[in-house]
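Chemist: Got a structure for you, written out below as structure tokens; questions coming shortly.
Derivation of every value follows stated rules applied to the coordinates shown; laboratory data play no part. Model, not experiment: these values are computed from the prediction. Positions of Cβ are generated from backbone atoms using ideal geometry, with glycine treated the same way; all protein chains shown enter the neighbour counts.
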Amino acid sequence: MSEIVVNLNSESIQDAIARLEQIKYRMAVSPERVLMRLLEIGIKTAKESAGKYKDYISFYPSVGKRGDGFVGLLIASDMSKIISRWKRGGGIVEAEVSPLLMAEFGSGWYANVAPIWSDLVGKVGQGTFPGQTHAFDPDGWEWEDENGIRHQSQGEMALQPMYNAWQEMASAIEDVTIEAMGIV
């Protein structure tokens, strides 16, 4: 942040007032700019963190005025569901899978991480896939696809695109605020 030096003369005082007015203006318009820049960072991070699911998930910002300030949200939603099919007991079994939930929380043994989102414990992550029987087996399981080919799996790693976006946005707040205010 640059200093404003004021000499005791009319021109210097007027210059200081003009610079303070510029800072006041920047501070008045910066919250929305700060939010939009943070959300851009969050969206980029989320897309980079979503792995093979990135083409199935839409990430977008929402910014609005609330009271005397602004609120910004990074929103993620499935653009489509994935239908997982496998053979079991002589027939085909299928389940609808949310790419967003799979990317964020994973499945099976690989999802055995401390859940970040404590209000979702038991609803997502290890052991919550419909009809699962091997989620807690460190050796994983074999499954047979529709063509009769056997596969070994331990589940899907939790990639946590939304958590990573939140972490990245939180770490960028100070720099983005300074940048938006034009103070460098």
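Chemist: Contour minus end-to-end for T128 and R150, with contour as 0.36 nm per residue of separation and end-to-end as the Cα-Cα distance?
Modeler: On the way: separation 22, 0.36 × 22 = 7.92 nm, distance 2.27 nm.
Taking 0.36 nm per residue and subtracting the Cα distance, the gain is 5.6 nm.
Chemist: Same structure again: Which of the aspartates and glutamates could a cross-linker span from K87 if the Cα-Cα distance has to be under 13 Å and same-chain partners fewer than 8 positions apart are dropped?
Modeler: Of all the aspartates and glutamates, those that pass the test against K87 - Cα under 13 Å, at least 8 places apart if same chain - are E142, E144, D145, E146.
Chemist: A follow-up question, please. Tilt of helix 10-49 relative to the longest C-alpha principal axis of the chain, in degrees (0 to 90, nearest 10)?
Modeler: 10
Chemist: Between D139 and I83, what FRET efficiency comes out of the Förster formula 1/(1 + (r/R0)^6) with R0 = 22 Å and r the beta carbon distance, rounded to 0.05? Don't skip to the end; give the middle numbers.
Modeler: Values: r = 27 Å, r/R0 = 1.22.
It comes to 0.25.
Chemist: Now for a separate question. Could you name the lysines in cross-link range of K81, using Cα to Cα under 30 Å and dropping any fewer than eight places away on the same chain?
Modeler: K44, K47, K52, K54, K123
Chemist: If you place +1 on the Cβ of every Lys and Arg and -1 on the Cβ of every Asp and Glu, how big does the dipole about the Cα centre of the chain come out, in debye to the nearest 20?
Modeler: Values: 17 positive and 25 negative charges, 73 e Å.
In total the dipole reaches around 360 debye.
Chemist: Three principal axis extents, largest first, for the C-alpha atoms of the range 25-94, in Å?
Modeler: Largest to smallest, the principal-axis extents are 70, 24, 13 Å.
Chemist: In what sequence do E11, E48 fall when counting other Cβ within 10 Å, fewest first?
Modeler: E11, E48
Chemist: Provide the three semi-axes, in whole Å and in decreasing order, of the ellipsoid equivalent to the chain as defined by the square roots of 5 times the Cα gyration tensor eigenvalues. Each step should come with its number before you reach the end.
Modeler: Details: eigenvalues 544, 41, 30 Å².
After diagonalising the Cα gyration tensor, the semi-axes are 52, 14, 12 Å.
Chemist: Hey, another quick one. If you take the beta carbon distance between K65 and E11 as r and set R0 to 45 Å, what does 1/(1 + (r/R0)^6) give as a FRET efficiency, to the nearest 0.05? Let's see the in-between values first.
Modeler: Values: r = 39 Å, r/R0 = 0.86.
With a Förster radius of 45 Å, E is 0.70.
Chemist: Over the chain, what is the relative contact order in whole percent, taking alpha-carbon pairs under 8 Å and six or more residues apart?
Modeler: Values: 285 pairs, mean separation 46.4, N = 184.
The normalised contact order for the chain reaches 25 percent.
Chemist: Go through the range 166-177 residue by residue and turn each phi into a ³J(HN,Hα) via Karplus (6.51, -1.76, 1.60, θ = phi - 60°); whole Hz please, and just put x for glycine and proline.
Modeler: Result, ordered by residue: 4, 4, 5, 5, 4, 6, 9, 3, 4, 5, 5, 5 Hz.
Chemist: Hey, fewest Cβ within 10 Å first, where do W86, W166 land in order? Present the calculation step by step, with values, prior to reporting the outcome.
Modeler: Working: W86 13, W166 16.
Going from sparsest to densest Cβ surroundings: W86, W166.
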